[in-house]
Amino acid sequence: MSVLRAGYGETIITPRLGTDLTGFGFYLDRKAERVLDDLKVRALCLDDRSTRLLIISCDLLGLTVAQADRVRGQVGAALGLPACNVLLACTHTHSGPATVALPGLGRVDPDYMRHLPQAILKAAELAAASGEESEFGFGMEAVEPVGFNRRRRNFLEIDPWLKVAVFRRKDCRLFLLNYACHAVTLGPTKEVSADC
């Protein structure tokens, strides 16, 4: 039986005040005026001694395929694993900095984008360095009615399942959650938030 090691790392990627925020409509001129909660990169490293992989989540609206591929390549090269073993996802917050050139939805800050790959790599390195033997568990439960189909104004055609993976280590438990949602609870404020 193989031993599964799980490690976790995180870094803060909150933009500076004055940075353009993205989402909620065109030409709203949303610039960050205050931080409601820090944006983070969270990384989970799983290693069973034959395969090592990283699951990385960023509190951002999104990244282009080219941006994501570059970062996955950098992380893979730095940690000695193929880029295909690096999953990079975004929470799709609409209360974070513009990271993709979407006309009318905020100007991308080149300085922020220059530093973002290093922050992602740092979280990945922390996760890779903190691996501990763990037991794996999985569960799922319908959490209705949380999701809402705003186009049809009903609860139909949504995925109500919350999926949870838990990695039980001696010192802590690491949770990996998945729930299909569109993070727009705050509305078009000028506050930086993961909006979760």
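The values are calculated or read from the model by the stated rules, or taken from the named source; none is laboratory data. Since we're looking at a predicted model, the values are computed, not measured. Note: ideal-geometry Cβ built from the backbone for every residue, glycine included; neighbour counts use all protein chains shown. The area values use the complete protein model at the heavy-atom level, side chains included, leaving out ligands, DNA and RNA. Shrake-Rupley method; radii C 1.70, N 1.55, O 1.52, S 1.80 Å.
Within the span defined as the range 55-68, one or more residues are closer than 21 Å to residue 169 by Cα and either in contact (Cβ under 8 Å) with a residue 60 or more places away in the chain or open to solvent by less than 20 Å² (accessible area, probe 1.4 Å) (or both).
Summed over the range 137-162, residues that are out of contact with any Lys or Arg (no Cβ under 8 Å at 6 or more places or on another chain) and either hydrophobic (A, V, I, L, M, F, W, C) or open to solvent by 100 Å² or more (accessible area, probe 1.4 Å) (or both) total 16. Residue 33 fulfils the conditions (1) modelled with pLDDT under 95; (2) exposed (fewer than 14 other Cβ atoms within 10 Å of the Cβ) except for a single criterion, (1). For residue 185, the requirement of being closer than 25 Å to residue 55 by Cβ, without any contact (Cβ under 8 Å) to a residue 40 or more places away in the chain, of a type in the set (Ser, Thr, Tyr) and not in a helix (DSSP H, G or I) is met. Filtering the range 141-168 to residues that are within 20 Å of the chain's Cα centre (by Cα), free of Cβ contacts under 8 Å to residues at least 40 places away in the same chain and assigned to a strand (DSSP E or B) leaves 161, 162, 163, 164, 165, 166. Contact map, the range 12-23: residues that are under 22 Å from residue 122 (Cβ atoms) paired with residues that are modelled with pLDDT of 95 or more and among the basic types (Lys, Arg), Cβ distance under 7 Å, separation 6+ or inter-chain. Pairs shown: 12/40; 13/40; 19/31. Among the listed residues 51, 91, 22, which satisfies the condition of being hydroxyl-bearing (Ser, Thr, Tyr), open to solvent by 40 Å² or more (accessible area, probe 1.4 Å) and within 17 Å of residue 195 (Cα to Cα)? After ruling out the rest, the residue left standing is 91. Look at residue 176 and say whether it is within 16 Å of residue 42 (Cβ to Cβ) and outside any strand (DSSP E or B). No. Filtered by the rule that a residue be open to solvent by less than 30 Å² (accessible area, probe 1.4 Å) and outside any helix (DSSP H, G or I), the range 115-134 gives 131, 134. The single condition from (1) in contact with an Asp or Glu (Cβ under 8 Å, 6 or more places away or on another chain); (2) farther than 28 Å from residue 16 by Cα; (3) not aromatic (Phe, Trp, Tyr) that residue 159 fails is (1). So is residue 17 open to solvent by 80 Å² or more (accessible area, probe 1.4 Å) and part of a loop (DSSP other than H, G, I, E, B) or not? The answer is yes for residue 17.
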